[in-house]
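The values are calculated or read from the model by the stated rules, or taken from the named source; none is laboratory data. As the structure is a prediction and not an experimental result, all values here were calculated from the model. Reconstructed Cβ throughout: ideal geometry from the backbone, glycine too, with neighbour counts over all protein chains shown. Ligands, DNA and RNA are excluded from the accessible area calculation, which covers all protein heavy atoms including side chains. Shrake-Rupley method; radii C 1.70, N 1.55, O 1.52, S 1.80 Å.
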Amino acid sequence: MLPARLRDARVLLVDDQELNLRVLRQVLERAGLANVTLTEDPYAVAPLVALHTPDLIIIDLHMPGLDGFGVMEQLRPQLDAAGYLPILVLTADVTDSARRRALESGARDFLTKPIDSIEVILRTCNLLETRMLYLELELRNVDLEQRVRERTAQVEAAQLETLDRLARTAEYRDDQTGRHVVRVGRVAALLGRILGLDEDTVRLLRLAAPLHDLGKIGIPDRILLAPRKLEPDEFEEMKTHTLIGSRILSGSSSSLLQLAERIAMTHHERWDGRGYHGQVSGDIPLASRIVGLCDVFDALTHERPYKSAWPVDLAVDEINRGRGTHFDPAVVDAFAELNPEDLVNPAESVPGTGGWGDRTGTEVRTRAAAAV
Ligand SMILES: [Fe+2]
């Protein structure tokens, strides 16, 4: 009698002799197997395997037309896909060459004709045990992979939330809503897409851009919140927020933080070299050229301690005036393609809010970060 856990196993019997099939089925059913399928037609085996997904196939080696070797050859793709699907070969040919050929064709074991019912049950039992262990292991692996994916997604979501809160912390003193950093991130992503960046890069830009002013955390209130034009020495101190921000973000192995570090350091550079640190045109990272423009536009169109909000059309004119001097001409041209609504209230229309889990791994993120 077979162990209870093997009794639901599905067995497919293939033999051109109907009598052999009946005898074999009787042996297996008496041993407790309830799902035994028979066929005398070797050409029907592949479709039956696809239909019934058996746990064991017992094949007669010598059949007219398509023999057992031919059947196993036809089954090759299904056997490969099944992982471990054992074949037990029935044969009266006990020569070494026949056995070797059968093994090479995919057979896992042999039954010599005339069959011995005890041997049939023992060999069937052995192969089914292995098959069930294989299936259990596969199920466990699937479960484990799912749990790893869920855990990874949770960790990545927590990392992104932390970065988001960090960006809002930096803005908190002069923008308690935290909307400035969100808008800059979103418009930067829209511009990146218009400029032809791939979706991985666009997403990185969307996530890194909000950290551009992280260094403001180190600027005193008397300067940051001054409701007037800054004195030269105050302005020099204000400029250090680029250094402070990049220092806070430096030394990370994360592609996202590395990009955020570059943006923090260079988002006040100008195309003509008259920015904070004197970098010129193509030497300024593209991400910073994009974020720099978004930052200026958003600052113009929203109230600050030292100024009221500009109308959008005036702010757009200001951006256009800076084409080729303050701003990269290509970025200004891309900016001109944005919908007016995207300028004032940019929607979350690019990937970036769902955590790293919906994208591929580190390699892609590294390549994407290197592009900007
Ligand atoms: Fe800034």
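So here's what we get for this one:
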| item | result |
| --- | --- |
| Filtered residue count, the range 287-336, keeping only those that are surrounded by fewer than 19 Cβ atoms within 10 Å (Cβ to Cβ) and under 17 Å from Val372 (Cα atoms) | 2 |
| Tabulated pairs, the range 227-242, first within 16 Å of the ligand (Cβ to nearest atom), second of a type in the set (Lys, Arg), C-beta under 6 angstrom, 6+ apart or interchain | His241/Lys216 |
| Candidate set: the range 51-77, residues that are over 21 Å from Leu33 (Cβ atoms) and open to solvent by 30 Å² or more (accessible area, probe 1.4 Å); chosen: the one nearest to the chain's Cα centre (by Cα) | Pro77 |
| Of all residues making up the range 203-224, the number that are in a loop (DSSP other than H, G, I, E, B) and either among the polar types (S, T, N, Q) or more than 15 Å from the ligand (Cβ to nearest atom) (or both) | 1 |
| Residue match in the range 211-219 (condition: β-branched (Val, Ile, Thr), open to solvent by less than 60 Å² (accessible area, probe 1.4 Å), at pLDDT below 95 and closer than 13 Å to Ala264 by Cα) | no |
| Any hit, the range 220-230, residues being more than 22 Å from Gly324 (Cβ to Cβ), surrounded by fewer than 16 Cβ atoms within 10 Å (Cβ to Cβ) and either modelled with pLDDT of 95 or more or acidic (Asp, Glu) (or both) | yes |
| Residue within the range 151-158 that is more than 24 Å from Glu341 (Cα to Cα), of a type in the set (Asp, Glu), modelled with pLDDT of 95 or more and touching a helix residue (DSSP H, G or I) at 6+ places or on another chain (Cβ under 8 Å) present | no |
| Qualifying residues in the range 243-252 (those that are without any contact (Cβ under 8 Å) to a residue 40 or more places away in the chain and within 14 Å of the ligand (Cβ to nearest atom)) - the one nearest to the chain's Cα centre (by Cα) | Leu249 |
